[in-house]
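S.K.: Dropping the structure in here first, questions after.
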Amino acid sequence: MSQTDNLRRRALEVLPGGSTRSAVWFDPYPFYVASGSGSHIVDVDGRDFLDLTNNLGVLIHGHAHPEVVAAVQNQAALGSCFALPTPSEIDLAELLCERVTGFERVRFINTGSEAVALAIKAARAHTGRTKILKLEGVYHGNYDFAEISNYSSPDNWGNEPVAVATVPGTPQGVLDEVLVTQTNDVDMLQRILAAEGDAIAAVIVDPVPPRCGMTPLNSDFIAALRDLTRAHGCLLIYDEVIAFRFGHSGAQGRWGGDPDLTTLGKIIGGGYPVGAVAGKAEVMEATAKAVSSSGTFTANPITMKAGLASMQALDEAAFEHLETMGERIREGCRQIIERLGAPMQVSGTGSIFSIYFHQRDVVDYRSYHKSAEEVTATERFHQVMLEHNVLIAPTATVFLSTVVDADDEALILEAFEAAATDHVNSTGD
Ligand SMILES: Cc1ncc(COP(=O)(O)O)c(C=O)c1O
């Protein structure tokens with residue numbers, strides 16, 4: 001019996017379903033990791049994989065980056081958490097405020113989901129309103145209000161988006177407080193705000209929504225979001241928990257939007273649990289008084305030091321490098337698709353891309369939504385990539401890191417070609 005099989009058996013005895021993290025599950029069950037270094041991981045049975053999940057977008061410099069490890073080791077010897085502030089929270093907040101014009105104040109928290117909850121509560125306190133408006137199928141973590149319509153489907157999504165519970169037992173009161181609109185649809189946004197704008201505390205968007213093609217919101221929609229939220233007195237929240245990796249000053253620095261509040265997570269913690277809300281001083285100061293936030297591990301110096309080391313290593317040149325590499329790899333994949341005549345496509349921006357097993361345009365959640373055959377093709381592609389020692393996310397999404405090298409790139413294209421060939425053979429196209 002392999003080590004993974006053995007661990008799996010033990011896990012089933014103590015963890016419901018044998019796992020605590022649904023987003024990393026794949027059939028029959030995931031293997032267990034022993035270690036990670038740079039762009040590779042080794043599992044408990046000694047198999048080596050190129051890791052293109054980077055913990056779903058966290059590890060922008062891959063595993064165990066030497067400067068991050070040194071920062072953590074130094075801090076661990078000095079103490080891991082205190083019921084007092086440490087200078088490290090100021091250092092990381094200063095770095096963020098220096099990079100992004102709209103960041104004048106930062107509040108740290110421990111996860112992206114908590115950051116979203118904090119931003120929504122702040123918007124409610126600031127406006128005295130309770131509703132939020134979000135985009136259909138766009139993920140913002142697991143806060144009750146933010147997770148509405150995360151996975152709606154043709155069975156329940158209606159002609160125009162409606163609030164659909166993600167978790168059975170969601171109170172009707174939660175559904176009543178969430179309005180849902182279509183990504184990139186300016187008319188629909190305008191109509192909803194005209195009807196309900198004075199009850200809406202905030203409009204929350206991901207500026208590069210993964211389940212809408214992993215490309216930036218279109219510029220008309222971004223302009224409408226800013227103008228209409230101002231006109232109706234709602235706050236605009238950008239969720240850059242993932243999108244902050246698209247530029248030195250985040251997605252807003254690159255594509256605009258000038259949000260009032262921004263939620264952050266993932267890369268800013270250097271591989272340790274983190275979340276943050278950043279924004280204009282006026283809103284941040286006023287809401288910090290009204291909405292207290294005091295998680296036990298908030299701004300712990302291990303996370304703050306790891307985040308600072310990681311972000312300092314992520315200079316303008318590193319972003320350039322990620323951008324060029326992402327484009328080069330996507331182009332390589334596209335050439336393979338064309339040569340094989342494979343019924344699939346690669347869509348993405350900068351250091352992230354997704355593989356879709358159809359050729360329709362993906363512009364919003366409805367055009368993204370996968371048929372049963374597409375889900376099967378996605379799972380099979382993921383499996384064939386694994387057989388070629390490349391780990392991608394189960395949704396067939398790739399997160400690149402700065403440490404992916406030329407050998408890794410060659411391996412990606414080799415595995416991609418094998419998996420795309422398998423897809424062609426399995427569809428009979
Ligand atoms: C855009 C976005 N917002 C929020 C979250 C939630 O972050 P966390 O998993 O740290 O709670 C995620 C997680 O993937 C995310 O992608």
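The values are calculated or read from the model by the stated rules, or taken from the named source; none is laboratory data. Small disclaimer: the values here were computed from a predicted structure and weren't measured. In this analysis, Cβ positions are derived from the backbone assuming ideal geometry, glycine residues included, and neighbour counts consider all displayed protein chains. Surface accessibility is based on the protein's heavy atoms, side chains included, excluding ligands, DNA and RNA. Shrake-Rupley method; radii C 1.70, N 1.55, O 1.52, S 1.80 Å.
S.K.: If the requirement is being of a type outside the set (A, V, I, L, M) and touching a residue at least 40 places away in the same chain (Cβ under 8 Å), which of these qualifies: GLN182, GLN190, GLN172?
M.R.: Unique residue meeting the criteria: GLN182.
S.K.: Check ASN55 against each of (1) under 22 Å from ILE352 (Cα atoms); (2) assigned by TED's automatic domain parsing to the domain that holds GLY307; (3) within 16 Å of the ligand (Cβ to nearest atom) and name the one condition it does not meet.
M.R.: (2)
S.K.: Can GLU409 be described as out of contact with any helix residue (DSSP H, G or I) (no Cβ under 7 Å at 6 or more places or on another chain) and assigned to a helix (DSSP H, G or I)? Even if it seems obvious, please write down each step before you answer.
M.R.: Numbers: out of contact with any helix residue (DSSP H, G or I) (no Cβ under 7 Å at 6 or more places or on another chain): no; assigned to a helix (DSSP H, G or I): yes.
Spelling it out, it is not the case that GLU409 is out of contact with any helix residue (DSSP H, G or I) (no Cβ under 7 Å at 6 or more places or on another chain) and assigned to a helix (DSSP H, G or I).
S.K.: Hey, which of the helices (runs of 4 or more DSSP H) in the range 200-301, taking only ones fully inside, have at least 1 residues that are within 14 Å of the ligand (Cβ to nearest atom) and of a type outside the set (Lys, Arg)? Write out each step before concluding.
M.R.: Numbers: elements: 219-232, 250-255, 281-290.
In the range 200-301, 250-255 are the helices (runs of 4 or more DSSP H) which contain 1 or more residues that are within 14 Å of the ligand (Cβ to nearest atom) and of a type outside the set (Lys, Arg).
S.K.: To continue, here is another question. Residues to consider are GLU177, GLU147; find the one that is open to solvent by 20 Å² or more (accessible area, probe 1.4 Å), under 25 Å from the mean Cα position of the chain (by Cα) and within 16 Å of the ligand (Cβ to nearest atom). Let's see the steps before the verdict.
M.R.: Numbers: GLU177 fails: within 16 Å of the ligand (Cβ to nearest atom).
That would be GLU147, the only listed residue that is open to solvent by 20 Å² or more (accessible area, probe 1.4 Å), under 25 Å from the mean Cα position of the chain (by Cα) and within 16 Å of the ligand (Cβ to nearest atom).
S.K.: So which residues in the range 343-356 are in contact with a His (Cβ under 8 Å, 6 or more places away or on another chain) and either surrounded by fewer than 22 Cβ atoms within 10 Å (Cβ to Cβ) or charged (D, E, K, R) (or both), if there are any at all?
M.R.: Filtering the range 343-356 down to residues in contact with a His (Cβ under 8 Å, 6 or more places away or on another chain) leaves 343-345.
Passing the criteria: PRO343, GLN345.
S.K.: Here are some residues: ASN184, ASN156. Which one is away from the ligand (no atom under 15 Å from the Cβ), over 29 Å from ILE352 (Cα atoms), open to solvent by 10 Å² or more (accessible area, probe 1.4 Å) and assigned to a loop (DSSP other than H, G, I, E, B)?
M.R.: On inspection, the qualifying residue turns out to be ASN156.
S.K.: In the range 314-324, what residues are in contact with a Gly (Cβ under 9 Å, 6 or more places away or on another chain) and open to solvent by less than 30 Å² (accessible area, probe 1.4 Å)?
M.R.: Of the residues in the range 314-324, the ones in contact with a Gly (Cβ under 9 Å, 6 or more places away or on another chain) are 319, 322-323.
Within the range 314-324, PHE319, LEU322 qualify.
S.K.: Can you name every residue in the range 383-394 that is in a loop (DSSP other than H, G, I, E, B) and buried (at least 18 other Cβ atoms within 10 Å of the Cβ)? Steps first, answer last, please.
M.R.: Restricting attention to the range 383-394, the residues satisfying the condition of being in a loop (DSSP other than H, G, I, E, B) are 388-389, 392, 394.
Listed by number, the residues that qualify are ILE392, PRO394.
S.K.: Given the criterion charged (D, E, K, R), under 25 Å from PRO216 (Cβ atoms) and open to solvent by 30 Å² or more (accessible area, probe 1.4 Å), identify the matching residue among ARG380, ARG366, ARG339.
M.R.: Working: ARG380 fails: under 25 Å from PRO216 (Cβ atoms); ARG339 fails: under 25 Å from PRO216 (Cβ atoms).
That would be ARG366, the only listed residue that is charged (D, E, K, R), under 25 Å from PRO216 (Cβ atoms) and open to solvent by 30 Å² or more (accessible area, probe 1.4 Å).
S.K.: Looking at GLY197, is it at pLDDT 95 or above, open to solvent by less than 10 Å² (accessible area, probe 1.4 Å) and away from the ligand (no atom under 16 Å from the Cβ)?
M.R.: Values: at pLDDT 95 or above: yes; open to solvent by less than 10 Å² (accessible area, probe 1.4 Å): yes; away from the ligand (no atom under 16 Å from the Cβ): yes.
It is true that GLY197 is at pLDDT 95 or above, open to solvent by less than 10 Å² (accessible area, probe 1.4 Å) and away from the ligand (no atom under 16 Å from the Cβ).
S.K.: Would you please name the residue that is nearest to the ligand (Cβ to nearest atom), looking only at residues in the range 8-33 that are of a type in the set (A, V, I, L, M, F, W, C), in contact (Cβ under 8 Å) with a residue 12 or more places away in the chain and open to solvent by less than 70 Å² (accessible area, probe 1.4 Å)?
M.R.: By that ranking, first place goes to ALA23.
S.K.: Against the condition within 16 Å of the ligand (Cβ to nearest atom), over 19 Å from PRO207 (Cβ atoms) and touching a residue at least 24 places away in the same chain (Cβ under 8 Å), how does LYS134 come out, does it pass?
M.R.: When the stated conditions are applied, LYS134 does not pass them.
S.K.: Where residues in the range 244-288 are free of Cβ contacts under 8 Å to residues at least 40 places away in the same chain and farther than 14 Å from PHE103 by Cβ, which of them is most open to solvent (accessible area, probe 1.4 Å)?
M.R.: ARG254
S.K.: Next question. May I ask you to list the residues in the range 325-336 that are farther than 29 Å from HIS248 by Cβ and buried (at least 16 other Cβ atoms within 10 Å of the Cβ)?
M.R.: Of everything in the range 325-336, just one residue is farther than 29 Å from HIS248 by Cβ and buried (at least 16 other Cβ atoms within 10 Å of the Cβ), namely ILE336.
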